[in-house]
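> Supplied in structure tokens, the structure appears directly below.
The values are calculated or read from the model by the stated rules, or taken from the named source; none is laboratory data. Because the structure is predicted, anything quoted here is derived from the model rather than measured. Methodologically, a virtual Cβ is constructed for each residue, glycine included, from the backbone with ideal geometry; neighbour enumeration extends over all protein chains shown.
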Amino acid sequence: GDSVTQMEGPVTLSEEAFLTINCTYTATGYPSLFWYVQYPGEGLQLLLKATKADDKGSNKGFEATYRKETTSFHLEKGSVQVSDSAVYFCALSDKNNNDMRFGAGTRLTVKP
Amino acid sequence: DVKVTQSSRYLVKRTGEKVFLECVQDMDHENMFWYRQDPGLGLRLIYFSYDVKMKEKGDIPEGYSVSREKKERFSLILESASTNQTSMYLCASSLGVAGPLEQYFGPGTRLTVT
């Protein structure tokens with residue numbers, strides 16, 4: 001079945017460092033891809049999405065490009081802030097399956 | 001903005017009790033979902049519903065049941081709570097078959113079974 005694998009954490013960075021969180025997927029169809037963020041004590045919030053190959057999703061300085069040839073959707077940010085500290089989830093969804101598959105999550109801590 | 005609310009943020013129950021977790025969404029979404037979240041395991045789908053009175057088993061339905069009597073409300077029921085059901089429970093909703101696939105989440109209920 002469809003699945004998502006993302007890099008294990010935790011990831012600790014200094015403020016203004018460059019962030020990459022790797023995500024690869026396995027799917028039989030043509031899924032949409034998502035990044036969600038979970039701040040401490042809260043539910044998941046949609047951060048960005050891409051619905052087809054070569055689409056780039058972006059929001060709040062984060063971006064990710066849907067790469068069909070490498071089945072990847074890596075999350076990047078050029079300069080992280082302390083307020084970006086959270087758990088990040090990569091996910092995919094396919095209209096044929098009516099549900100969403102999540103990676104295990106990557107905890108990011110940004111230190112001042 | 002879509003709003004998904006869950007009845008409790010924290011619950012403590014005893015082994016063997018029947019537990020009800022309620023979820024309400026206010027955007028007329030067709031699909032609703034229940035997940036549990038455990039460290040290192042990400043989110044695992046328990047049940048979902050694509051219409052009133054309709055339900056589908058997810059990956060880990062054992063020990064759980066659900067109810068959807070109204071479109072906006074989706075309840076998760078633990079028939080006889082056990083300690084291995086201690087977890088964070090997240091409810092989500094999405095527009096439906098014809099719409100975008102992203103899901104909107106509630107704040108979660110942290111359940112402890114003692």
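> Name the single residue that is farthest from B:L41 (Cα to Cα) among those in region A:3-29 being among the small types (G, A, S) and surrounded by 12 or more Cβ atoms within 10 Å (Cβ to Cβ).
Ranking the qualifying residues of region A:3-29, first place goes to A:A17.
> For region B:36-52, indicate whether the set of residues that are more than 25 Å from A:G103 (Cα to Cα) and at pLDDT below 95 is non-empty.
Looking through region B:36-52, at least one residue is more than 25 Å from A:G103 (Cα to Cα) and at pLDDT below 95.
> I would also like to ask the following. Restricting to region B:24-49, name every residue that is within 14 Å of chain A (Cβ to nearest Cβ), assigned to a loop (DSSP other than H, G, I, E, B) and of a type outside the set (G, A, S).
The answer is B:M27, B:H29, B:E30, B:P39, B:L41.
> Could you tell me whether B:L101 is facing chain A (nearest Cβ under 9 Å) and either under 14 Å from the mean Cα position of the chain (by Cα) or free of Cβ contacts under 8 Å to residues at least 40 places away in the same chain (or both)?
Judged against the criteria, B:L101 is a match.
> Identify all residues within region A:32-56 that are over 30 Å from B:Y10 (Cβ atoms), hydroxyl-bearing (S, T, Y) and part of a loop (DSSP other than H, G, I, E, B); write none if there are none.
A:T51
> Output the residues belonging to region B:2-23 that are in contact with a Ser or Thr (Cβ under 6 Å, 6 or more places away or on another chain), within 14 Å of chain A (Cβ to nearest Cβ) and of a type outside the set (S, T, Y).
B:V4, B:Q6, B:L21 - these are the residues of region B:2-23 that are in contact with a Ser or Thr (Cβ under 6 Å, 6 or more places away or on another chain), within 14 Å of chain A (Cβ to nearest Cβ) and of a type outside the set (S, T, Y).
> While we're looking at this one, here's another question. Working only within region A:32-63, note down all residues that are of a type in the set (K, R) and either facing another protein chain (nearest Cβ under 10 Å) or touching a strand residue (DSSP E or B) at 6+ places or on another chain (Cβ under 6 Å) (or both).
A:K49, A:K56, listed by residue number.
> Now, a different point. Would you pick out the residues in region B:1-32 that are within 16 Å of A:M100 (Cβ to Cβ) and either among the aliphatic types (A, V, I, L, M) or modelled with pLDDT under 95 (or both)?
Once the filter is applied, which keeps residues that are within 16 Å of A:M100 (Cβ to Cβ) and either among the aliphatic types (A, V, I, L, M) or modelled with pLDDT under 95 (or both), region B:1-32 yields B:V2, B:V4, B:H29, B:E30, B:N31, B:M32.
> Ok, one more. Return the residues of region A:6-39 that are farther than 27 Å from A:Q81 by Cβ and within 14 Å of the chain's Cα centre (by Cα); say none if nothing qualifies.
A:Y25, A:S32
> Considering each of A:G29, A:G1, A:G9 in turn, give the residue that is of a type in the set (G, A, S), touching a strand residue (DSSP E or B) at 6+ places or on another chain (Cβ under 7 Å), more than 9 Å from chain B (Cβ to nearest Cβ) and outside any strand (DSSP E or B).
Selected residue: A:G9, the only one of A:G29, A:G1, A:G9 that is of a type in the set (G, A, S), touching a strand residue (DSSP E or B) at 6+ places or on another chain (Cβ under 7 Å), more than 9 Å from chain B (Cβ to nearest Cβ) and outside any strand (DSSP E or B).
> Continuing with the same structure: Run down B:A92, B:A81 and say which single residue is small (G, A, S), in a strand (DSSP E or B), closer than 28 Å to B:G40 by Cβ and in contact with a strand residue (DSSP E or B) (Cβ under 7 Å, 6 or more places away or on another chain).
Just one listed residue meets the conditions, B:A92.
> Residues in region A:80-101: is at least one within 14 Å of another protein chain (Cβ to nearest Cβ), on the phi > 0 side of the Ramachandran plot, surrounded by 14 or more Cβ atoms within 10 Å (Cβ to Cβ) and not in a strand (DSSP E or B)?
The answer is yes; a qualifying residue exists.
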